[in-house]
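Okay, structure first, notes after.
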Amino acid sequence: MSRIVNVGAAQMGPIAADESRAEVVGRLIALLRDGAEAGCDLVVFPELALTTFFPRWFTEDIAGHDHYYEREMPNADVQPLFVEAARLGVGFCLGYAELTPDGHRYNTYVLVDKAGAIVGKYRKVHIPGHADDEPHRPFQHLERRYFEESPDGFGVVNAFGGIVGMAICNDRRWPETYRVLGLQGVELVLIGYNTPLHYAPDPDQNPLQSFHNNLVMASGAYQNGTWVVGVAKGGIEEGVESLSHSQIIAPSGQVVAQATVSGDVLISARCDLDLCRHYKETLFNFDVYRRPEAYRIITEQKGVAPPSG
Ligand code: CDV
């Protein structure tokens with residue numbers, strides 16, 4: 001059986017606050033068709049791909065943003081995407097805001113196989129930003145108000161002929177994300193992001209957004225011998241400019257495809273999952289070289305504990 005997965009990164013441009021689900025799903029279907037034309041097995045959409053990035057606005061009552069959440073997946077609005085994907089025989093990964101029947105709110109990704117069945121679900125673990133209104137900022141990043149931290153952690157699924165894991169935006173900055181997936185043998189990590197270019201807590205980082213984006217994903221790929229697919233929703237959305245620069249990274253850490261424009265565009269790469277073995281069975285042979293007993297502090301401690309005295 002072939003270990004080549006042709007993966008498309010379906011970068012999106014801005015989604016306006018008043019853009020309907022039908023309009024957005026139409027854009028997703030157009031990108032999916034581009035993927036089918038490019039011979040893709042799997043097309044990866046960004047974080048919160050069905051709506052504008054609504055955590056940029058404060059509502060006193062959290063329910064004020066309820067219309068941005070999906071209560072089931074698929075639902076009537078998104079069903080046409082599932083139908084078209086199954087017709088084309090192309091899988092996809094879709095990010096959306098999830099409101100569960102018992103009232104939990106998650107920033108979620110689902111992985112859908114070529115027959116249109118959901119085969120994996122991931123809820124964002126690292127929730128950045130803040131929970132209360134901070135009017136001094138030019139715009140808010142209220143993910144900690146509108147999303148809970150996932151209680152589920154990072155899992156992998158057998159899909160598309162390999163071992164697939166998912167992560168969402170801020171997760172990509174944390175080495176633990178990739179290592180936990182790497183310890184489950186991950187070969188393909190799918191990551192969607194919305195990264196504003198302006199970082200209010202430390203604007204010195206603004207010009208480094210693209211550099212940091214590649215730095216963390218390439219390191220995660222190399223150090224765990226896995227493919228990484230990073231997919232942006234970028235451009236100027238409701239006055240806030242976010243990073244584009246979607247990219248597909250090989251287990252060597254090399255970028256093999258990168259978006260050179262912002263807006264809706266599909267890039268793709270032929271990902272040979274057997275390349276992962278070059279790294280997983282040599283420099284990063286975990287069985288031989290890892291020293292978990294030397295890393296205990298990583299799971300036993302959350303913050304920094306400097307030496308006393
Ligand atoms: N959507 C995100 O998780 N964005 C964060 C920003 C706030 C830093 C990111 O890590 O890109």
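Only the coordinates and a few stated rules stand behind these numbers; no lab work does. Computed from a prediction, not measured in an experiment: that's the story for all the values here. Methodologically, a virtual Cβ is constructed for each residue, glycine included, from the backbone with ideal geometry; neighbour enumeration extends over all protein chains shown.
Hey, which of the strands (runs of 3 or more DSSP E) in region 134-211, taking only ones fully inside, have at least 1 residues that are under 14 Å from the mean Cα position of the chain (by Cα) and within 15 Å of the ligand (Cβ to nearest atom)? Walk me through how you get there before you give the answer.
On the way: elements: 156-159, 162-168, 188-193.
Once the strands (runs of 3 or more DSSP E) in region 134-211 are filtered for at least 1 residues that are under 14 Å from the mean Cα position of the chain (by Cα) and within 15 Å of the ligand (Cβ to nearest atom), what remains is 162-168, 188-193.
Restricting attention to region 244-255, does a residue exist that is among the hydrophobic types (A, V, I, L, M, F, W, C) and over 30 Å from R27 (Cβ atoms)? It would help to see each step written out before you state the result.
Narrowing region 244-255 to residues among the hydrophobic types (A, V, I, L, M, F, W, C): 248-250, 255.
Imposing the further condition that a residue be over 30 Å from R27 (Cβ atoms) reduces the set to none.
Taking every residue of region 244-255 in turn, none turns out to be among the hydrophobic types (A, V, I, L, M, F, W, C) and over 30 Å from R27 (Cβ atoms).
Taking region 1-23 on its own, how many of its residues are surrounded by fewer than 21 Cβ atoms within 10 Å (Cβ to Cβ) and of a type in the set (V, I, T)?
1
For region 59-87, what are the residues that are farther than 26 Å from I267 by Cβ and crowded, with 16+ Cβ neighbours inside 10 Å? Give the derivation first.
Of region 59-87, the ones farther than 26 Å from I267 by Cβ are 59-72, 75-77, 79.
H65, Y68, Y69, E70 - these are the residues of region 59-87 that are farther than 26 Å from I267 by Cβ and crowded, with 16+ Cβ neighbours inside 10 Å.
Which condition number does L215 fail, the rest of (1) aliphatic (A, V, I, L, M); (2) surrounded by fewer than 16 Cβ atoms within 10 Å (Cβ to Cβ); (3) in a loop (DSSP other than H, G, I, E, B) being met?
Result: L215 passes all but (3).
Tell me, please, whether a residue that is touching a residue at least 12 places away in the same chain (Cβ under 8 Å), closer than 25 Å to L243 by Cβ and basic (K, R) can be found in region 53-76.
Within region 53-76 (the criterion being touching a residue at least 12 places away in the same chain (Cβ under 8 Å), closer than 25 Å to L243 by Cβ and basic (K, R)), the answer is yes, since at least one residue qualifies.
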